[in-house]
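A.B. asks: Can you keep this structure in mind? I'll have questions shortly.
Throughout, read-outs are computed from the coordinates displayed, never taken from laboratory work. Predicted, not measured: the structure shown is a model, and the values here were computed from it. When we count neighbours, we look across all protein chains shown, and the Cβ atoms used for this are built from the backbone with ideal geometry, even at glycine.
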Amino acid sequence: MNSTLQRWSLTACVAVLLVAGFSPARAGVSDAWISSKVKMLLINSPSVGGLPINVDTDEGRVTLHGKVHSRAEKAEAARIAGAGTGVLSVRNLLQVVPASQRKQADVADDRLTEDVKAALKAEPALESSSIHAKSVHQGVVLLSGKAATLSAHLLALEVASFVPGVRRVASEIESPDEFADREIWFEEPASDAARANAVTDGWITARTKLLLMTDGDFPAGDINVDTHRGVVTLFGTAHNAAAADKAVRLAQEVVGTRSVNNELRVVGSAQKKRVTAKDDQLESAVRHRIEEAKLQGADIHVQVKAATARLTGTVETASHRYTAISIAYSTPGVARVENDLRIEGPKTSQR
């Protein structure tokens with residue numbers, strides 16, 4: 001094969017990878033929704049419920065991180081996550097820590113009922129919900145009632161699961177099955193930042209990921225983010241210690257963040273292969289993938305220079321803006337995203 005044909009073949013392969021190799025976000029199923037639903041499934045599971053598993057999703061690809069008691073639980077967690085709606089694949093980074101190294105408190109059911117009630121009542125973000133412990137049997141807590149939001153539903157499960165003595169949490173809670181923009185997307189914090197946990201975990205995660213996506217020091221797919229009751233966990237890889245430290249600083253600056261767990265591994269850039277492509281190829285790929293996402297009412301323009309994708313134009317919602325930025329950021333070869341998108345509500349009914 002001559003050099004000209006080799007170059008043409010390489011260019012063609014790169015173009016195919018850019019356009020077809022990564023599926024766009026599915027309309028109506030956001031990554032944040034997938035992460036929350038997977039968390040709920042894990043918490044409710046009799047096999048892995050109550051364990052501190054971090055979940056992050058990137059265009060339907062779920063990453064699990066944290067600790068489980070056995071290899072069987074690790075495999076079960078991956079199976080549960082993979083069965084979630086909208087999940088395309090699961091990357092299982094869970095570590096096995098034998099149960100003998102973990103202490104499980106034995107608490108009488110009647111005492112545990114009171115402890116769970118107190119924990120739910122003490123959580124400010126649950127004030128507008130009516131959630132209670134319907135029953136407790138041998139450490140298994142059944143929650144019932146109504147949650148004002150999907151975020152509140154997940155938070156109630158997490159609050160109960162971390163009460164000492166709780167072995168598993170089951171749920172009969174009624175709640176919306178989607179996120180309102182105020183729960184997880186942003187211009188400003190979801191409510192008064194002076195209160196303990198007024199900003200939702202989903203909001204903190206989304207805001208942190210946006211900061212990472214629009215900073216050239218963090219290539220797509222390197223850093224995962226999850227938040228539990230204001231505690232942000234960063235996991236994945238950073239190409240040097242300075243980048244890892246910067247990621248921690250960015251997370252600490254987000255309103256509502258209580259603390260940051262740095263679980264990042266430093267992997268030199270020489271050990272990681274990056275897709276390279278011409279700017280016009282990248283521009284075409286980003287535009288194509290955003291069009292496939294079918295963001296209703298969006299008028300998004302894409303320009304790529306020196307592997308930096310600049311998005312301009314308008315979208316109807318903050319969630320659509322986040323989706324467009326995420327799509328551009330995860331397109332192989334894009335090094336950084338500049339966000340100049342404006343939010344303009346639907347033309348027929350202004351919000």
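A.B. asks: Taking amide H positions as placed in the peptide plane 1.01 Å from N, state which residues far from Ser30 in sequence (5 or more) or on other chains have amide H under 5 Å from it.
C.D. replies: Answer set, sorted by chain and number: none.
A.B. asks: Also, quick follow-up: So what is the relative contact order of region 109-171, in percent, for Cα pairs below 8 Å that sit 6 or more residues apart? Numbers along the way, then the final one.
C.D. replies: Numbers: 94 pairs, mean separation 21.6, N = 63.
Normalised by residue count, the contact order of region 109-171 is 34 percent.
A.B. asks: Taking every pair of alpha-carbon atoms in region 195-271, give the share separated by more than 15 Å as a whole percent. The partial results should precede the final answer.
C.D. replies: Details: 1402 of 2926 pairs.
Cα-Cα pairs of region 195-271 separated by over 15 Å account for 48 percent.
A.B. asks: Modelled label-to-label distance, Ala118 and Ala83, 7 Å Cα→beta-carbon offset: nm?
C.D. replies: 3.6
A.B. asks: Hey, fewest Cβ within 10 Å first, where do Arg61, Arg79 land in order?
C.D. replies: Neighbour counts put them in this order, fewest first: Arg79, Arg61.
A.B. asks: Follow-up. Along region 231-239, what does the Karplus equation 6.51 cos²θ - 1.76 cosθ + 1.60 (θ = phi - 60°) give for ³J(HN,Hα), rounded to whole Hz, x for Gly and Pro?
C.D. replies: 9, 8, 10, 9, 9, x, 10, 10, 7
A.B. asks: While we're looking at this one, here's another question. Put +1 on the Cβ of each Lys and Arg and -1 on the Cβ of each Asp and Glu in region 117-167; which of His153, Ser129, Gly139 then has its Cα farthest toward the positive end of the dipole?
C.D. replies: Gly139
A.B. asks: With labels modelled as points extended 7 Å from the Cα through the Cβ direction, what inter-label distance (nm, one decimal) is found for Ser135 paired with Ala307?
C.D. replies: Spacing of the two 7 Å Cα→Cβ label points: 5.8 nm.
A.B. asks: Multiplying the sequence separation of Thr314 and Asp280 by 0.36 nm and subtracting their Cα-Cα distance, what value in nm do you get?
C.D. replies: Working: separation 34, 0.36 × 34 = 12.24 nm, distance 2.20 nm.
So the extension gain works out to 10.0 nm.
A.B. asks: Taking H as built 1.01 Å from N, whose amide H comes closer than 5 Å to the amide H of Ala148, not counting residues under 5 places away?
C.D. replies: Ser129, Ser130
A.B. asks: Oh, and also: Could you work out the relative contact order of region 31-101, using alpha carbon pairs under 8 angstrom and six or more residues apart, expressed as a whole percent?
C.D. replies: Working: 123 pairs, mean separation 23.5, N = 71.
Dividing the mean separation by the residue count of region 31-101 yields 33 percent.
A.B. asks: Okay, next question. Using a 10 Å cut-off around each Cβ, can you sort Thr317, Thr308 from fewest to most neighbouring Cβ atoms?
C.D. replies: Thr308, Thr317
A.B. asks: Further question: Please give, to one decimal in nm, the separation of the simple spin-label points placed at Val267 and Asp109, each 7 Å out from Cα toward the Cβ.
C.D. replies: Reported label-point gap for Val267 and Asp109 is 4.7 nm.
A.B. asks: Quick check on packing: order 35-44, 62-71 by the mean number of other C-beta atoms within 10 Å, highest mean leading. Before the final figure, lay out the partial values.
C.D. replies: Values: 35-44: 22.2, 62-71: 19.2.
Ranking the peptides 35-44, 62-71 by packing returns 35-44, 62-71.
A.B. asks: A further question follows. Run the numbers for Asp340 and Asn92: contour at 0.36 nm per residue of separation, minus the present Cα-Cα distance, in nm.
C.D. replies: Working: separation 248, 0.36 × 248 = 89.28 nm, distance 3.49 nm.
That pair, Asp340 and Asn92, stretches by 85.8 nm at full extension.
A.B. asks: So, one more: On a full-extension model of 0.36 nm per residue, what is the gain between Asn240 and Val29, subtracting their alpha-carbon distance, rounded to one decimal in nm?
C.D. replies: The Asn240-Val29 span can extend by a further 72.6 nm.
A.B. asks: Once the Cβ-Cβ distance between Gln296 and Arg258 is put in as r, and R0 is 45 Å, what FRET efficiency do you end up with, to the nearest 0.05? Kindly include the intermediate steps, with their values, before the conclusion.
C.D. replies: Working: r = 36 Å, r/R0 = 0.80.
Using R0 = 45 Å, I get an efficiency of 0.80.
A.B. asks: Amide H neighbours of Glu338 under 5 Å, counting only residues 5+ apart in sequence or on other chains, H built in-plane at 1.01 Å?
C.D. replies: Amide H neighbours of Glu338: Ala309, Arg310, Leu311.
A.B. asks: Would you mind giving the three semi-axes, in whole Å and largest first, of the ellipsoid equivalent to region 31-101 according to its Cα gyration tensor? List each step's numbers first, then the result.
C.D. replies: Working: eigenvalues 80, 25, 18 Å².
Semi-axes (√(5λ), whole Å): 20, 11, 10.
A.B. asks: Rg to Rh ratio, region 109-171, alpha-carbon atoms and Kirkwood radius?
C.D. replies: Details: Rg = 10.3 Å, Rh = 11.2 Å.
Rounded to two decimals, Rg/Rh equals 0.92.
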